[in-house]
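Single-structure report; data block below.
The values are calculated or read from the model by the stated rules, or taken from the named source; none is laboratory data. Predicted model only: the values in this text are computed from it and were never measured. Note that each Cβ is placed from the backbone with ideal geometry, even for glycine, and that neighbours are counted across all protein chains shown. Calculation scope for accessible area: heavy atoms of the full protein, side chains included, ligands and nucleic acids excluded. Shrake-Rupley method; radii C 1.70, N 1.55, O 1.52, S 1.80 Å.
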Amino acid sequence: MAAPDARNVAAAKPYAGGGIYWAPVGTALPTDEMTPLPAAYIPLGYVSEDGVQPTRDTNIEKIKAWGGDIVAALLADESRSFEFTLLEVFYAEVLKFVYGPENVTMTQATTTAGTKYAVQDKGGKRDNVVIVFDMRHGSKRRRLVVPVADYNITGEEPYVDNALTAYGVTVEAIKDTNGVRVYDYGQNDDKAA
């Protein structure tokens, strides 16, 4: 039996260019933790210091025999989701992600005015997308790919002068045609000498 090894632990810090990316469903999926993402993957900018909160929900149904003995524990249902908060509320790509590209108009900065945006908040459900979470810890790398991400904007931070406005996002990982909810790729820092 192998002894515990501290080299097998890691925190999760985003890459300098961003830690969360999205692309339309059907975009070629990454197949490892290191290959740069194609241009179709759009970064979502800064995320709150809470990072990405993964959740696994599993519902087990215990079956009892006459007399009360548990004779089976059946998996009734399960799900996997992720929550995070987007901070860059003036970033065009965040606005398009939140409200839909067709509902956002951007006007470039000029010598007399900064970049402007106009949003039509029509509500409704956004199309499913691919979500990629890129993380590192020193030279360790981890990439989670949600091939069918059913996402919702689940909150907005209040408009106050002592905190940032932001968009709360919940992503439900839906199984793809291969029956996979999340592809998880990683690389440890234990290269052979």
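Expressed per residue, the C-alpha convex hull volume of segment 129-185 stands at 83 Å³.
Amide hydrogen proximity for residue 181: with H placed 1.01 Å from N in the peptide plane, the residues at 5 or more positions away or on another chain lying under 5 Å are 176. Quick one: Debye curve from the C-alpha atoms of segment 98-140, no solvent, what's log10 I(q)/I(0) at q = 0.22, 0.30 Å⁻¹? Each listed q maps to, in turn, -0.81, -1.06.
Here the average projected area of the convex hull drawn through the C-alpha atoms of the chain stands at 18.7 nm². For segment 73-123, just say rounded, prolate or oblate: build the C-alpha gyration tensor, square-root its eigenvalues into a ≥ b ≥ c, call rounded for a/c under 1.5, and beyond that prolate if a/b exceeds b/c, oblate if not. Prolate, since a/c reaches 1.5 and a/b exceeds b/c. Of all the options 169, 180, 148, the one that moves most in a Gaussian network model of the chain with Cα springs shorter than 10 angstrom is 180. Largest GNM mean-square fluctuation across 88, 157, 172, computed for the chain with C-alpha springs under 10 Å, falls on 157. Packing, taken as the mean count of other beta carbons within 10 Å per residue, orders the peptides 66-79, 27-40 from highest to lowest as 27-40, 66-79.
The residues of the chain have, on average, 65 Å² of accessible surface per residue, using a 1.4 Å probe with all protein chains present. For the residues 134, 176, 50, a GNM of the chain with alpha-carbon springs under 10 Å puts the largest fluctuation on 50. For residue 139 and residue 119, the difference between the fully extended length at 0.36 nm per residue and the C-alpha to C-alpha distance is 3.2 nm. The Cα atoms of segment 25-110 define a convex hull whose projected area, averaged across directions, is 10.7 nm². Note that segment 100-115 has calculated 3J(HN,Hα) couplings of x, x, 6, 10, 10, 10, 10, 10, 5, 5, 10, 6, 10, 8, x, 4 Hz, one per residue in order, obtained from phi through the Karplus relation 6.51 cos²θ - 1.76 cosθ + 1.60 (θ = phi - 60°); glycine and proline are x. The alpha carbon convex hull volume per residue for segment 98-193 rounds to 201 Å³. Tell me, what % of the accessible area of the chain is carbon and sulfur with a 1.4 angstrom probe? Roughly 52 percent, rounded to a whole number.
Here is how the number arises for the chain: DSSP H runs of 4 or more residues each give -39500 (n - 2.57), the sum is divided by the residue count, and the result at 222 nm is -1000 deg cm²/dmol.
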